[in-house]
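Only one structure is covered here, and it is reproduced in the block below.
Values quoted throughout were computed directly from the atomic coordinates according to the rules given, and no laboratory measurement underlies them. Since the structure is predicted, the reported quantities are computational estimates derived from the model, not experimental observations. Here Cβ is always computed from backbone atoms with ideal geometry, including for glycine, and neighbour counts include all displayed protein chains.
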Amino acid sequence: MSKMQTKNVPFVDLRSQYQTIAGDVDAAIRRVIQDTDFILGEAVEAFEEDFARYCGTSYAVGVDSGTSALELALRAYEIGPGDEVITAANTFIATALAITYTGATPVLVDVEPETFTMDVSQVEKSITRRTKAILPVHLYGHPADMDAIMDVAARYELVVIEDACQAHGASYKGRPAGSIGHAAAFSFYPGKNLGAFGDGGAVVTNDEKTAAALRMLRNYGQKEKYHHLVHGFNKRLDTLQAALLDVKLKRLDGWNNTRREHAKMYNGFFKSNNGNTVITPPSEAEHARSNYHLYVIQVEKRDQLQAHLQREGIATGIHYPIPIHMQPAYSSLGYPPGAFPVTERTANRILSLPMYAELTPDMVAQVAGAVNHFAMTETAAESGEITL
Ligand SMILES: *Cc1c(COP(=O)(O)O)cnc(C)c1O
């Protein structure tokens with residue numbers, strides 16, 4: 001067999017993204033430096049306006065990270081000690097930490113095996129007198145079943161905060177992710193679909209009072225300088241980051257569409273693999289349009305596949321290897337192993353493949369080819385056709 005020309009495929013490639021926008025980025029950053037407009041400067045307001053419009057909401061409030069966006073959104077709705085917030089067991093730790101920071105208790109529910117988003121049928125069973133909010137996570141950029149979630153929330157008078165930290169530009173039934181709940185949190189961590197040169201985040205909402213509360217909470221609890229109404233924080237979005245993010249926001253739809261094309265290509269390669277051993281992400285549907293923050297497959301021998309890809313120079317990730325309730329930090333929640341079977345089973349089967357706009361079709365083919373080669377060899381070995 002002749003070996004095709006291959007090169008190393010990184011998991012993300014922020015350098016090649018920067019090279020496509022360097023002129024605009026450098027000019028935007030230079031402007032902030034020349035104006036020495038570093039804290040809550042003009043570019044923050046401009047970006048907030050643009051990002052709110054992008055999300056189809058009335059307001060966006062820039063903060064210093066996605067974690068802060070989640071925490072301050074919960075605080076804006078006065079969630080705190082004694083309250084319970086329902087979220088998904090398979091999420092990044094920050095979702096749970098933000099709840100913990102407010103003094104409230106995270107209550108976990110399992111996820112759907114197909115989409116990895118909150119299993120809404122379990123939400124209602126978890127509601128108690130203390131429940132104040134539901135915090136669905138649009139994991140990997142695939143929107144959670146928001147109609148069902150909003151319906152439960154309305155019946156029990158609960159607040160819904162979307163964790164849209166992976167979902168910039170995703171949509172649910174034609175509505176942008178982040179525009180459906182009472183408020184939504186976004187992260188601009190560098191590797192996110194819209195990423196800063198450092199940490200950053202934003203809360204979006206249609207509620208004017210919530211937006212006003214968030215502006216106070218991020219800025220020492222002041223509305224007017226040196227007049228402090230609440231115990232606020234220093235959790236502002238830097239002007240430098242806002243200026244950069246505004247440059248990137250203009251390209252976001254284009255980048256997301258390219259990711260969707262890569263996902264289609266991956267899907268095609270894996271469907272043609274008759275062994276049927278590679279389970280692909282849920283396919284594009286009008287009701288839930290992913291931004292493919294991550295392209296996550298499921299395979300039986302995940303660790304072996306990951307090692308195989310590593311040998312081929314292909315970097316992969318696992319999001320996430322240890323569910324929240326199995327983390328030492330959350331042993332105090334008291335969930336036993338087996339509490340969330342879908343989450344626990346998939347944690348051992350998931351593998352995130354390289355996914356970013358700057359991937360080339362050749363790189364997608366190379367990654368898919370390496371995965372399929374491994375899967376076919378495994379299938380053949382199991383059926384006794386060949387021995388490894
Ligand atoms: C990235 C992320 C966060 C946290 O965002 P930071 O900006 O890293 O604080 C929260 N939730 C999810 C689902 C994330 O992916």
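Summary table below
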read-out	value
Filtered residues of the stretch 118-135 (kept if within 14 Å of Val159 (Cβ to Cβ) and away from the ligand (no atom under 16 Å from the Cβ))	Val123, Ile127, Arg130, Thr131, Lys132
Residue in the stretch 82-92 that is more than 16 Å from the ligand (Cβ to nearest atom) and crowded, with 17+ Cβ neighbours inside 10 Å present	yes
From Thr115, Thr95, residue being within 13 Å of the ligand (Cβ to nearest atom), within 15 Å of the chain's Cα centre (by Cα) and touching a residue at least 60 places away in the same chain (Cβ under 8 Å)	Thr95
Test: Ser187 is within 12 Å of the ligand (Cβ to nearest atom), in contact (Cβ under 8 Å) with a residue 24 or more places away in the chain and touching a Cys at 6+ places or on another chain (Cβ under 6 Å)	yes
Some residue of the stretch 138-152 being buried (at least 23 other Cβ atoms within 10 Å of the Cβ) and small (Gly, Ala, Ser)	yes
Selected residue [within 12 Å of the ligand (Cβ to nearest atom) and over 19 Å from Gly62 (Cα atoms)] from His228, His138	His138
Flag if Ala76 is within 16 Å of the ligand (Cβ to nearest atom) and of a type in the set (Gly, Ala, Ser)	no
Residue within the stretch 225-248 that is over 30 Å from Gly23 (Cα atoms), of a type in the set (Lys, Arg) and not in a helix (DSSP H, G or I) present	yes
3 or more residues touching a Phe, Trp or Tyr at 6+ places or on another chain (Cβ under 9 Å) and of a type in the set (Val, Ile, Thr): qualifying helices (runs of 4 or more DSSP H) within the stretch 301-388	341-347, 361-382
Qualifying residue in the stretch 54-68 (condition: under 23 Å from Leu244 (Cβ atoms), within 16 Å of the ligand (Cβ to nearest atom) and charged (D, E, K, R))	yes
The listed residue being outside any loop (DSSP other than H, G, I, E, B), farther than 20 Å from Asp246 by Cα and out of contact with any helix residue (DSSP H, G or I) (no Cβ under 9 Å at 6 or more places or on another chain), out of Ala154, Ala213	Ala154
Filter pass, Val109 being surrounded by fewer than 24 Cβ atoms within 10 Å (Cβ to Cβ) and of a type outside the set (S, T, N, Q)	yes
Among (1) free of Cβ contacts under 8 Å to residues at least 40 places away in the same chain; (2) in a helix (DSSP H, G or I); (3) exposed (fewer than 14 other Cβ atoms within 10 Å of the Cβ) - the single one Asn267 does not satisfy	(3)
Search result, residues across the stretch 186-208 that are within 20 Å of Asn234 (Cβ to Cβ) and either of a type in the set (Gly, Ala, Ser) or not in a loop (DSSP other than H, G, I, E, B) (or both)	Phe186, Ser187, Ala196, Gly198, Gly200, Gly201, Ala202, Val203
Whichever residue in the stretch 227-264 is under 22 Å from Thr117 (Cβ atoms) and either of a type in the set (A, V, I, L, M) or over 22 Å from the mean Cα position of the chain (by Cα) (or both) and, among such residues, is surrounded by the most Cβ atoms within 10 Å (Cβ to Cβ)	Ala263
Tally, over the stretch 250-265, of residues that are within 14 Å of Met355 (Cα to Cα) and touching a Leu at 6+ places or on another chain (Cβ under 7 Å)	1
